[in-house]
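Novice: Can you keep this structure in mind? I'll have questions shortly.
The values are calculated or read from the model by the stated rules, or taken from the named source; none is laboratory data. Not measured: the values here are computed from a predicted model. Glycine also receives a Cβ, built like all others from the backbone with ideal geometry; neighbour counts cover every protein chain displayed. In case anyone asks, the SASA skips ligands and DNA or RNA and just uses the protein heavy atoms, side chains included. Shrake-Rupley method; radii C 1.70, N 1.55, O 1.52, S 1.80 Å.
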Amino acid sequence: MSPLAPMPGRGLEPGPLEKAPDPEPQELAALEGVWGALAPQERRGRRDLLLPALRALQASRGWISYSALAAVCRELTMPLAEAYGVASFYELLATEPRPRRMIHLCDDVACTLKGAGMLAGRLQALLGHPEQGEGPLGWSLSPCLGQCERGPAALVGDRVWVGLTPEGLEDAVGAWMAGEEARAHAGGVGTHLGSLGEGTPLLLRRCGRVDPGSLEAYVEHGGYRGLRRALQLGPEATLAEVEASGLVGRGGAAFPTARKWASAAREPAPRYVVCNADESEPGSFKDRVLMEQDPFAVLEGLTLAALAVGAERGFIYVRGEYPESHRSLLRAAEQARAAGFLGERILESGFSFDVELRQGAGAYVCGEETALFNSIEGLRGEPRARPPYPAQVGLFGRPTVINNVETLAAVPAILERGGGWYASLGSGRSRGTKLLSVSGHVVRAGVYEVAFGTPLRTILEDLAGGVPGGGAVQAVLCGGAAGTFLGPDQLDTPLSLEALQAVGGTVGSGSLVVLDETVDLWAVVERIARFFRDESCGQCVPCRVGTQRQLEVVSAVRRAGGPVDDQALAMLNDLAQVMRDASICGLGQLAPNAVQSSLRLLGRSGGDERG
Ligand SMILES: Cc1cc2nc3c(=O)[nH]c(=O)nc-3n(C[C@H](O)[C@H](O)[C@H](O)COP(=O)(O)O)c2cc1C
Ligand code: SF4
Ligand code: FES
């Protein structure tokens, strides 16, 4: 008898997967929706279906039960512990019973300036403590939902409530409780769009003017001219145009786009292209506006990237908090496919390419490119150590190009009008035009497109209308939570990579949150420190412990009423150095930025000048 054969008469003991009870019918129906036409044997080993399956279960019942998780594991042939590790990683997924629908109320910086605190109080009175309750509706606080220009905002299922007032919120909750879910919404608040300077509007040229749901309208207004030209030019000349444009990434790191593409193109096929639509940087919402108001431009840009690097498959990873962006891209992709702009032999050329959409589930760190790959692959969204870089070993271990939504949306115009034309806009490393998400204390919060070199003051005053009531700027948070605070003395800085770097700032994701003189700056700094503590994936010690200690010091100083004493300052500086030097990924490396840059402003206001 083989040593591995069961003892006579005993058989193999069933494992936890076999012993798990059957899922509820609604859970099974949700999973069937994910498996679609895939036969059982085709699901085996398809771990990339894990996150879609978890999202579907979450939507069906409001939480993911043990039996449903076990059913997923049986289908995908994966260990239960690993699936649990993924399910428990994401903020929008729950592995314990909770109300079927949650109101995720944003309490981040811009929404707090507009009264989110009062709304939280109202929800507590209506629904009890956050994260508790057995009824159909519960609530929790959330970091920025990417709706800052029209906040206060909340995510409720696959809807976003914006422009919330206490009365509007009460009405919406009342409608929900009465079973009239469809009536429970808040909204009607538009997004201001504007542009200034040479070459603009370029990225915004169709937004708000051309029907985003119509491929015909896109084509009528210049759409797919870039792709038609690129198909004539071929991959190498397409890449050369992007190189000539001087385009650098708009996702934060400003890496030259053509260099990244060329590097992946040199690697063996199959290669992938990925659009990073995770836009989770607090204060940033310009990618959302592009996806919702000009979705075909994003698809065309991704198709051009695929052509240049020789990829046949692409993914768009949309943050879970952006249901409308997801719907918009899905609709656009279906139309593009039906019209031959996606799929086999695009426009009857020899080039084939198609795209899949994936949705996140609430984790800021998944915007980091390697964490995003892990998330698509059905692993915990933890960043990978580098090297190897994505151009060599990326999604599914293959050479991959990943770009931000805005970066990709700029590419069609580059192919249409030529890289030299694009490079003629701007100077130095700052070429082309830039989108900015402007929110906080301004008259017209919105998305603005400017020529590089435009002074911040001009953007805030001429485009966004300045501080309401003629108030004064106390600080501008530039580049999101991972960015820096600039003081009123720095507002004449031109918006460019070089000029902002020279004053210790960064363009980052291109967001500007304006704080007037009434704001408790320490409260804002503490919120940012809490954000990093909450969003750290915990994988490496400098970030996991550093973000917690940073929060503790900031909170202690705030409780004491500031200013920062020598001991606290030394502690914050030490933590900053360790996090910057020893964190695996940008989250930990950038986590001290806002806190450090606030010290110049707060030191001064506390009468304790510190550089
Ligand atoms: C914590 C963290 C979050 C990030 N979030 C985003 C994001 O939401 N969107 C994005 O495009 N890039 C984000 N990035 C940058 C990406 O890692 C990557 O650099 C970018 O997608 C590359 O595209 P680009 O070259 O077009 O800028 C993030 C980086 C870090 C460290
Ligand atoms: S730096 Fe922070 S977020 Fe990045 S891998 Fe380390 S613990 Fe995770
Ligand atoms: S949506 Fe609330 S701060 Fe961005």
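Novice: If you look for lysine pairs in the chain that are eight or more places apart or on different chains, how many of them have Cα atoms under 27 Å apart?
Specialist: Lysine pair count for the chain: 5.
Novice: Counting only heavy atoms of protein chains, what accessible area per residue, in Å², does region 17-88 have with a probe of 1.4 Å?
Specialist: 45 Å²
Novice: Give the peptides 32-41, 363-372 in descending order of average Cβ contacts within 10 Å, highest first.
Specialist: 363-372, 32-41
Novice: Let me ask you something else. Restricting attention to region 426-458, which trypsin sites (Lys or Arg not before Pro) occupy a DSSP loop and are surrounded by at most 15 other Cβ atoms within 10 Å?
Specialist: Sites meeting the loop and neighbour criteria: ARG429.
Novice: Cysteines of the chain lacking any other cysteine beta carbon under 4.7 Å?
Specialist: Lone cysteines by the Cβ rule: CYS73, CYS144, CYS148, CYS207, CYS275, CYS366, CYS478, CYS537, CYS540, CYS543, CYS585.
Novice: Let me know the volume per residue of the alpha-carbon convex hull for region 487-611, in Å³.
Specialist: 112 Å³
Novice: Listed highest first by mean packing, meaning other Cβ atoms within 10 Å per residue, what order do 589-601, 247-259, 100-112, 382-394 come in?
Specialist: Per-residue mean Cβ counts within 10 Å order the peptides as 100-112, 589-601, 247-259, 382-394.
Novice: So, one more: What percentage of all Cα-Cα pairs in region 101-178 are separated by more than 21 Å?
Specialist: So the pairs more than 21 Å apart make up 15 percent of the total in region 101-178.
Novice: Compute the length gained on full extension between ALA338 and THR165: take 0.36 nm times their separation in residues and subtract their Cα-Cα distance, giving the result in nm to one decimal.
Specialist: Separation in residues times 0.36 nm, less the Cα-Cα distance, equals 58.1 nm.
Novice: OK, next. Can you pull the one-decimal nm distance between simple spin-label points at ARG225 and ALA178, each 7 Å off the Cα toward Cβ?
Specialist: Those two pseudo-labels are separated by 5.2 nm.
Novice: Could I ask something else about it? Compute from the Cα atoms of the chain the Rg and the Dmax, the latter being the longest Cα-Cα distance, and quote both in angstrom.
Specialist: Rg and Dmax of the chain, Cα atoms, are 24.6, 89 Å.
Novice: Percent of Cα-Cα pairs more than 19 Å apart in region 31-145, please.
Specialist: Summing the P(r) of region 31-145 above 19 Å gives 53 percent of all pairs.
Novice: Provide the FRET efficiency to the nearest 0.05 for the GLU324-SER214 pair, computing r from the beta carbons and using R0 = 22 Å.
Specialist: According to the calculation, E is roughly 0.85.
Novice: If we count every other residue with Cβ under 14 angstrom of SER325's Cβ, Lys/Arg +1 and Asp/Glu -1, where does the sum land? Let's see the in-between values first.
Specialist: Details: positive: ARG159, LYS286, ARG288, ARG319, ARG327, ARG331, ARG358; negative: ASP158, ASP278, GLU279, ASP287, GLU292, ASP294, GLU321, GLU324, GLU406.
That sum, taken over residues with Cβ under 14 Å, equals -2.
Novice: Quick query: amide H of GLN359 versus all other amide H atoms, modeled in the peptide plane; which residues come in under 5 Å with a sequence gap of 5 or more or a different chain?
Specialist: Those qualifying (amide H under 5 Å, at least 5 residues apart or on another chain) are VAL318.
Novice: What is the set of long-range amide H partners of SER142 at a cut-off below 5 Å, with H atoms built 1.01 Å from backbone N?
Specialist: LEU105, CYS106, ASP107
Novice: What is the set of long-range amide H partners of ALA254 at a cut-off below 5 Å, with H atoms built 1.01 Å from backbone N?
Specialist: GLY249
Novice: Report the FRET efficiency, 1/(1 + (r/R0)^6), for SER67 and PHE396, where r is their Cβ-Cβ distance and R0 is 30 Å, rounded to 0.05.
Specialist: FRET efficiency, SER67 to PHE396: 0.50.
Novice: With both partners inside the chain, how many of the DSSP beta bridges are antiparallel, as a percent to the nearest 5?
Specialist: 45 percent
Novice: Give, in nm to one decimal, the length gained when the segment between ARG74 and GLN41 is fully stretched (0.36 nm per residue of separation minus the Cα-Cα distance). Show your work: numbers first, answer last.
Specialist: Working: separation 33, 0.36 × 33 = 11.88 nm, distance 1.12 nm.
Answer, rounded to one decimal: 10.8 nm.
Novice: Can you compute the charge dipole magnitude of region 462-587 about its Cα centre, using +1 on each Lys and Arg Cβ and -1 on each Asp and Glu Cβ, nothing else charged? Give it in debye, rounded to the nearest 20.
Specialist: 520 debye
Novice: Can you give the accessible area per residue of region 112-270, in Å², using a 1.4 Å probe?
Specialist: 47 Å²
Novice: OK, next. Compute the relative contact order of region 430-516 as a whole-number percentage, counting only Cα pairs closer than 8 Å that sit 6 or more residues apart in sequence.
Specialist: Averaging sequence separation for qualifying contacts and normalising by length gives 35 percent for region 430-516.
Novice: What does the charge count around PHE255 come to, taking other residues whose C-beta lies under 12 Å from its C-beta (Lys +1, Arg +1, Asp -1, Glu -1)? Write down the numbers at each step before the final one.
Specialist: Working: positive: ARG250, ARG259, LYS260, ARG429; negative: GLU369.
That sum, taken over residues with Cβ under 12 Å, equals +3.
Novice: All other residues with a Cβ under 14 Å from the Cβ of GLN539 taken together, and with Lys, Arg as +1 and Asp, Glu as -1, what is their net charge?
Specialist: After counting each charged neighbour, the total is +1.
Novice: Given a 1.4 angstrom probe, I'd like the percentage of the accessible area of the chain that is carbon and sulfur, rounded to a whole number.
Specialist: Working: 12300 of 23930 Å².
Carbon and sulfur together cover 51 percent of it.
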